[in-house]
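Undergrad: Pasting in a structure now, in structure tokens, and then I'll have a few things to ask.
Quick note: the coordinates plus some simple rules give every number you see, no bench work behind them. Given the structure is predicted, the values throughout are model-derived calculations rather than measurements. With ideal geometry, Cβ positions are generated from the backbone for all residues, glycine too; neighbour counts draw on all protein chains shown.
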Amino acid sequence: MRNKYRTLNANEFDSAIADSHTTILDARSAKDFAEEHIRNAINIDVSSPDFIYEANARLHRDNQIAVYCKSGVRSKMAATLLSNQGFDIVYLNGGISEWKKAGKATER
């Protein structure tokens, strides 16, 4: 089955998250999120057994969801799960590692 989400590089992701109708989702653990994340991101750990439940409760279907993790593995899993739930998803290829390589800011 073909992916139902769009894969973006760091500059494209930066443009996507500038839209007020985009929710930034960090799919890493709470510990990783606390250490560093993209500004205005919310955290829902894709490894949690409650991931889908929490995503359905906290994310708005009328917003685009911009998902990332550290290197792209967990966020790709989150992108697949969320797109299967009907969310409009964009995915940061290479994760926060690529974000930082592109000179983009993070915060604690």
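Undergrad: Tell me, what is the percent relative contact order of region 1-95, built from C-alpha pairs under 8 Å that lie six or more residues apart?
TA: 37 percent
Undergrad: Compute the normalised compactness of region 6-101: alpha-carbon radius of gyration over 2.2 N^0.38 Å, N being the residue count.
TA: After normalising by residue count via 2.2 N^0.38 Å, the value is 0.94.
Undergrad: Tell me, TYR91, TYR53 in order of fewest to most beta-carbon neighbours within 10 Å?
TA: TYR53, TYR91
Undergrad: While we're looking at this one, here's another question. Stretched out fully, how many nm does the piece from ASP50 to GLU35 gain, at 0.36 nm a residue minus the Cα gap?
TA: Full extension of this stretch gives 3.2 nm more.
Undergrad: Turning to a different aspect of this structure: In nm, give the distance between the simple-model label positions of ILE42 and HIS21, each being 7 Å from the Cα along the Cα-to-Cβ direction.
TA: 1.8 nm
Undergrad: Most fluctuating residue of ALA16, ALA57, ALA27 in a GNM of the chain with Cα springs under 10 Å: which is it?
TA: Greatest mean-square fluctuation among the candidates belongs to ALA57.
Undergrad: How big is the charge dipole of region 13-73 about its Cα centre, in debye rounded to the nearest 20, if each Lys and Arg gets +1 on its Cβ and each Asp and Glu gets -1 on its Cβ?
TA: Computed charge dipole of region 13-73: roughly 40 debye.
Undergrad: Per residue of the chain, what 222 nm ellipticity follows from adding -39500 (n - 2.57) for every DSSP H run with n ≥ 4, rounded to the nearest 500?
TA: Calculated at 222 nm, the ellipticity per residue is -10500 deg cm²/dmol.
Undergrad: Here's a follow-up. Checking understanding here: applying a Kyte-Doolittle mean of at least 1.6 and a length along the axis of at least 18 Å (C-alpha), which whole DSSP H helices in the chain pass?
TA: none
Undergrad: Still on this structure, I have one more. Rank these for me by crowding, LEU59, LEU82, going from fewest to most other beta carbons within 10 Å.
TA: Fewest-to-most ranking of LEU59, LEU82: LEU59, LEU82.
Undergrad: Could you work out how much longer the chain between ASN11 and SER97 gets when fully extended? Use 0.36 nm per residue separation minus the Cα distance between them, nm to one decimal.
TA: Length gained between ASN11 and SER97: 29.6 nm.
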